[in-house]
Amino acid sequence: MKRVYNFSAGPSVLPQTVLEKAASEMLDYNGSGQSVMEMSHRSKAYKPIIEGTEALVRELLTVPANYKVLFLQGGASLQFAMVPLNLKKKGKAAFVDTGVWSDKAIKEAKKWLQVDVIASSKATQYDRIPEVATVTGDYDYVHITLNNTIVGTAWGALPDTGDIPLVADASSNILSEPLDISKFGIIYAGAQKNLAPAGVTLVIVREDLIREDLPADVPTMLRYDTHAKEGSMYNTPPCWSVYVMKLVLEWVKALGGAEGMGKLNREKAAILYDYLDSGDFFRATAQKGSRSLMNIPFLTKIGDPEKAEAINKKFVAEAEAAGLVNLAGHRLVGGMRASIYNAMPKEGVQALVDFMKKFAAANAEA
Ligand code: PMP
């Protein structure tokens, strides 16, 4: 069996030990004689799985007692709609535009709310997080994208929003380092990068934002109170993805939890950024001070766009042949991107840098 180093932005690499455990339990979970895929979500065997997953989320992310942890479907993209539908009161929200995913969230929220884009880094191709120290105003919430998967930027210090709930899309950096959940009203993450296979979305929501007095036309499935009241069991939850999330969280816990992950992720990212900042051939596109630990886009320093495009293609193809896969940048920005989520081992990042050095030497212009 040959496993590759998978730098996909999502769905993404999972820890090998998690895959092995899931494989070993595939036909007979815990003596039940069934696969988790086949079980009723209301069965005795399944209940401890979803409850255990929630307990681990609470423990590893230090979720305060006044927050609900929900396992929903529809991806992070459905949260772009659920957030405005559930938080709309005065009818106005503030958004910070840091790239494609922020923009999608903005477009969706505009269906229900007046949206003020209070800061944007669009003018510099989203290569940084704009300065937003404080936010005031008559807003139902302030929305940020904590980690920008496509352009590889991430928030450091959070804006001070006072009493206005801060809502964050943490799809591509959830549990990559410690995070103070109490600073947020809602934090949501599609799980298919750092937590689980696709199919489940983790939503952590402060209880006072879960309203029962929503307009009658808000669909039942799109109300946080529906899911909060039923422990994410209003309807069939994504049972299998939740189960694998539990295995991933057990793996994270064994490696020192969010702190352990943060230390490891900083080491991994430094290996790649240090090389990108020191070499003559490649360069990182995100500005220092705004750089993501999870998604690292990069370009060559070749000036001629046609030559650069050809060399990018060559790089991606030769890397793939060397067992380093999914290194093409997002289709909207081109170039290359290495996504180095929690489950990417340090050896994988080192193998990438070793390959880049060889490629640079072989392709340096005379
Ligand atoms: N937000 C961010 C930051 C993302 O990276 C993605 C997916 N790449 C999404 C939202 C959309 O997530 P989903 O596919 O789960 O709807």
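Hey, what do the phi angles of the range 338-347 turn into as Karplus ³J(HN,Hα) couplings, whole Hz, using 6.51/-1.76/1.60 and θ = phi - 60°, x for Gly and Pro?
Going residue by residue, I get 10, 9, 10, 5, 2, 7, 6, x, 4, 4 Hz, with x marking Gly and Pro.
Where does the chain land at 222 nm, in deg cm²/dmol rounded to the nearest 500, when only DSSP H runs of n ≥ 4 count, each adding -39500 (n - 2.57), divided by all residues?
That comes out to -11000 deg cm²/dmol.
Can you list residues whose amide H is under 5 Å from Val13's amide H, if they're 5+ apart or on another chain and H is modeled 1.01 Å from N?
Long-range HN contacts for Val13: Ser8.
According to the square roots a ≥ b ≥ c of the eigenvalues of the Cα gyration tensor, what is the shape class of the range 1-119, taking rounded for a/c under 1.5, prolate for a/b larger than b/c otherwise, and oblate for the remainder?
Taking the square roots of the gyration eigenvalues as a ≥ b ≥ c, the range 1-119 is prolate.
In the chain, what % of DSSP beta bridges are antiparallel (nearest 5)?
Among the beta bridges of the chain, antiparallel pairing accounts for roughly 55 percent.
Between the alpha-carbon centers of the range 1-71 and the range 107-139, tell me the distance in whole angstrom.
35 Å
If you average the alpha carbon positions of the range 187-218 and of the range 222-299, how far apart do those two centres end up, in angstrom?
17 Å
Per residue, how large is the accessible surface of the range 16-254? Use a 1.4 angstrom probe and give square angstrom.
Result: 42 Å² of accessible area for each residue.
Using a 1.4 Å probe on the protein heavy atoms only, what accessible surface does Asp103 show? Give it in Å² to the nearest 10.
Counting only protein heavy atoms, Asp103 exposes about 50 Å² to solvent.
Want the number for Thr62 to Glu320: 0.36 nm per residue separation, take away the alpha-carbon distance, what's left?
Numbers: separation 258, 0.36 × 258 = 92.88 nm, distance 3.86 nm.
Length gained, Thr62 through Glu320: 89.0 nm.
Given an 8 Å cut-off on Cα distances and at least 6 residues of separation, report the relative contact order of the range 1-72 as a percent. Write down the numbers at each step before the final one.
Values: 25 pairs, mean separation 8.0, N = 72.
Across the range 1-72, relative contact order equals 11 percent.
If you wrap a convex hull around the alpha carbons of the chain, what volume per residue comes out, as a whole number of Å³?
136 Å³
Classify the range 88-143 as rounded, prolate or oblate from the Cα gyration tensor: take a ≥ b ≥ c as the square roots of its eigenvalues, call it rounded if a/c is under 1.5, otherwise prolate when a/b beats b/c and oblate if not.
Cα axes put the range 88-143 in the oblate bin.
Measure out, as a whole number of angstrom, how far apart the alpha-carbon centroids of the range 303-366 and the range 147-161 sit.
Answer, in whole Å: 24.
Please compare each pair in Lys47/Lys68; Lys314/Lys357; Lys68/Lys107 to a cut-off of 24 Å on the Cα-Cα distance and tell me which ones are over it.
Pairs exceeding 24 Å: Lys68/Lys107.
From the backbone phi of the range 266-275, what are the Karplus-calculated ³J(HN,Hα) couplings (6.51 cos²θ - 1.76 cosθ + 1.60, θ = phi - 60°) in whole Hz, Gly and Pro given as x?
Calculated HN-Hα couplings, in order: 5, 5, 4, 5, 5, 4, 7, 4, 4, 5 Hz.
Note down the magnitude of the dipole of the range 148-251 about its Cα centre, charges +1 on Lys and Arg C-beta and -1 on Asp and Glu C-beta and zero elsewhere, to the nearest 20 debye.
Charge dipole, the range 148-251, about its Cα centre: 380 debye, nearest 20.
Using Cα-Cα distances under 8 Å and only pairs 6 or more residues apart, what relative contact order does the range 16-254 have, in percent?
The normalised contact order for the range 16-254 reaches 26 percent.
Measure off 7 Å from each Cα along the Cα-to-Cβ vector at Leu27 and Ala45, then give the distance between these two points in nanometres to one decimal.
Each label point lies 7 Å from its Cα, and together they span 1.4 nm.
Assign unit charges at the C-beta atoms only (+1 for Lys and Arg, -1 for Asp and Glu), then state the dipole size of the range 235-356 relative to its Cα centre in Debye, rounded to the nearest 20. Each step should come with its number before you reach the end.
Details: 15 positive and 13 negative charges, 72 e Å.
Once rounded to the nearest 20, the dipole reads 340 debye.
Over the chain, what percent of the accessible surface lies on carbon and sulfur atoms, probe 1.4 Å?
So the carbon and sulfur contribution to the accessible surface is 52 percent.
In whole Hz, with x marking every Gly and Pro, tabulate ³J(HN,Hα) for the range 133-147 from phi via Karplus 6.51 cos²θ - 1.76 cosθ + 1.60, θ = phi - 60°.
7, 9, 10, 10, x, 8, 9, 6, 6, 10, 10, 10, 9, 4, 9
In debye to the nearest 20, how big a dipole does the range 16-254 give about its Cα centre with +1 on each Lys and Arg Cβ and -1 on each Asp and Glu Cβ?
Numbers: 24 positive and 28 negative charges, 67 e Å.
Once rounded to the nearest 20, the dipole reads 320 debye.
If amide hydrogens are placed 1.01 Å from N in the peptide plane, which non-local residues have theirs closer than 5 Å to the one on Arg291?
The answer is Ala154.
Compare the Cα positions of Pro84, Val115, Ala191 along the charge dipole of the chain (+1 at Cβ of Lys, Arg; -1 at Cβ of Asp, Glu; about the Cα centre) and return the one farthest towards the positive end.
Result: Ala191.
The values are calculated or read from the model by the stated rules, or taken from the named source; none is laboratory data. Bear in mind the structure is a predicted one, so any value in this text is a computation, not a measurement. Virtual Cβ from ideal backbone geometry, glycine too; neighbours counted across all protein chains shown. Note: areas computed on protein heavy atoms with side chains; ligands, DNA, RNA excluded. Shrake-Rupley method; radii C 1.70, N 1.55, O 1.52, S 1.80 Å.
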